[in-house]
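All remarks here apply to the structure that follows.
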Amino acid sequence: MEEIENSKETEGLALTRINVDGREIVLVGTAHVSTGSADLVEKVIEEERPDTVCVELCASRYQSIRSSAAWRDMDIYKVIKEKKAFLLLSNFMLTAFQKKIGEKLGVRPGEEMIRALDAAEKAGAHICLADRDITITLSRTWRSTGFFKKMKLFFQLLMSLGSVDDIDEKDIERMKNEDILESMLAELETSHPSIRKILIDERDRYLAYKIKTADGEKTVAVVGAGHVPGIRRYIHETDTIDMAALQTVPPKGRTGGILKWLIPGIILAVFVAGFFYGGRDAGGEMLLLWVLANGFFAGVGALAAFCHPVTFFSAVAAAPLTSLNPMLAAGWVAGLVEATIRKPKVSDLEDLPKDILSVRGFWRNKVTRILLVVVFANLGSSIGTFVALPLMIRVLGAAG
């Protein structure tokens, strides 16, 4: 059974001692936007002298706060080819949101984690990166949402960058006890409850397992205050936690897989029916509608990202073809063209931490502009498909 020797909460900070399986765990619940949290973390580690310090970081986030050169290692071509443009762009937005909140309050992003790492090194303690990889968390979130919810999520992330200046004291107090992801996605969470399960509950279990199994007899665990109740609940149930499942990106749902092939199949069937029942004139009109709708909206999407003129024409030309091929997308073609014509320089990679702090910066930096081209061209092509199909069916009905 859990034995809590001391538990207290003050101003959003939580300090809990837990004895489990003969080991002592000092759970420090921090407020991500509080200088008091950073001071508390440092003090606890100095006084406790633990064998291990667990921090709510994954390897990629650890690298981003420890190495300024981490941004320079990005291969934008690889990101596009592996279909990770949307994930990377969303990750940038989350980073920017946290940085802007930090600037507003005069707190360096991740200050409490940085201080925990420094204090652990000074104390000679082992460091355990206890959080699940952010890419897996985001991937599982995307897989739980449909296309339109993904777009809502994307624009909500984007608009959040411009809304930081409107945050008042009440919002700040709420954020002190919430996960940074939860703060940004609160609105979508209401309409899609499974998001909370992925962002909070799954990570509570993951954190509890990593903390429980950390080396040594005494562990100090530094986590966001919002995770403390869940960790306390799950830390005695680690035998039932399936870590492999928590680290796996589930395959796309059967419905999505079927639609991926069904929609192109329907479109091709409409084309065939148009030529068969309406002849060359009806078939030609349907083909023109398809090309114009797909090309127009994909081109508009690329232009919305301030793409190069050649990229615009590549999106227009690719969309009518890629929309009929479930394995390709107009945004991928446009993104690769944009990356080739406007290849990011070292300066673009170095400027990323600064440029992502503003909506304008996302369009100014070549790296994020390429990612925007991919996302917006794909969105435009999808809209073009939904616009063209009913118009084609109308032509077919008139021909019949």
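Residues in segment 352-374 that are more than 19 Å from ILE101 (Cβ to Cβ) and touching a Gly at 6+ places or on another chain (Cβ under 8 Å): THR368, ILE370, LEU371, VAL373, VAL374. Only one of the numbered conditions (1) more than 23 Å from LEU199 (Cβ to Cβ); (2) modelled with pLDDT of 70 or more; (3) more than 19 Å from the chain's Cα centre (by Cα) is violated by ILE76, and that is (3).
Based on what the data block shows, is THR255 modelled with pLDDT under 95, under 26 Å from the mean Cα position of the chain (by Cα), of a type outside the set (A, V, I, L, M, F, W, C) and not in a helix (DSSP H, G or I)? No, not satisfied.
Put simply, of ALA273, ALA315 the only residue that is under 12 Å from GLY384 (Cβ atoms) and touching a helix residue (DSSP H, G or I) at 6+ places or on another chain (Cβ under 9 Å) is ALA315. The set of residues in segment 37-63 being over 27 Å from the mean Cα position of the chain (by Cα), outside any loop (DSSP other than H, G, I, E, B) and surrounded by fewer than 16 Cβ atoms within 10 Å (Cβ to Cβ) consists of ASP39, LYS43, GLU46, GLU47.
All of (1) surrounded by 19 or more Cβ atoms within 10 Å (Cβ to Cβ); (2) at pLDDT 95 or above; (3) among the hydrophobic types (A, V, I, L, M, F, W, C) hold for ALA329 with one exception: (2).
For VAL375, the criteria (1) crowded, with 21+ Cβ neighbours inside 10 Å; (2) more than 25 Å from the chain's Cα centre (by Cα) hold in every case but one, which is (2). Criterion applied to LEU117, LEU138, LEU161 was being in a helix (DSSP H, G or I) and either at pLDDT below 70 or outside the structural domain of GLU56 (by TED's automatic domain parsing) (or both), and the one residue passing it is LEU161.
One residue alone among GLU189, GLU178 is part of a loop (DSSP other than H, G, I, E, B), at negative phi, within 19 Å of the chain's Cα centre (by Cα) and at pLDDT below 70, and that residue is GLU178.
The values are calculated or read from the model by the stated rules, or taken from the named source; none is laboratory data. If you're wondering where the values come from, they're calculated on a predicted model, not measured in any experiment. Glycine gets a Cβ as well: all are built from the backbone with ideal geometry, and neighbour counts include every protein chain shown.
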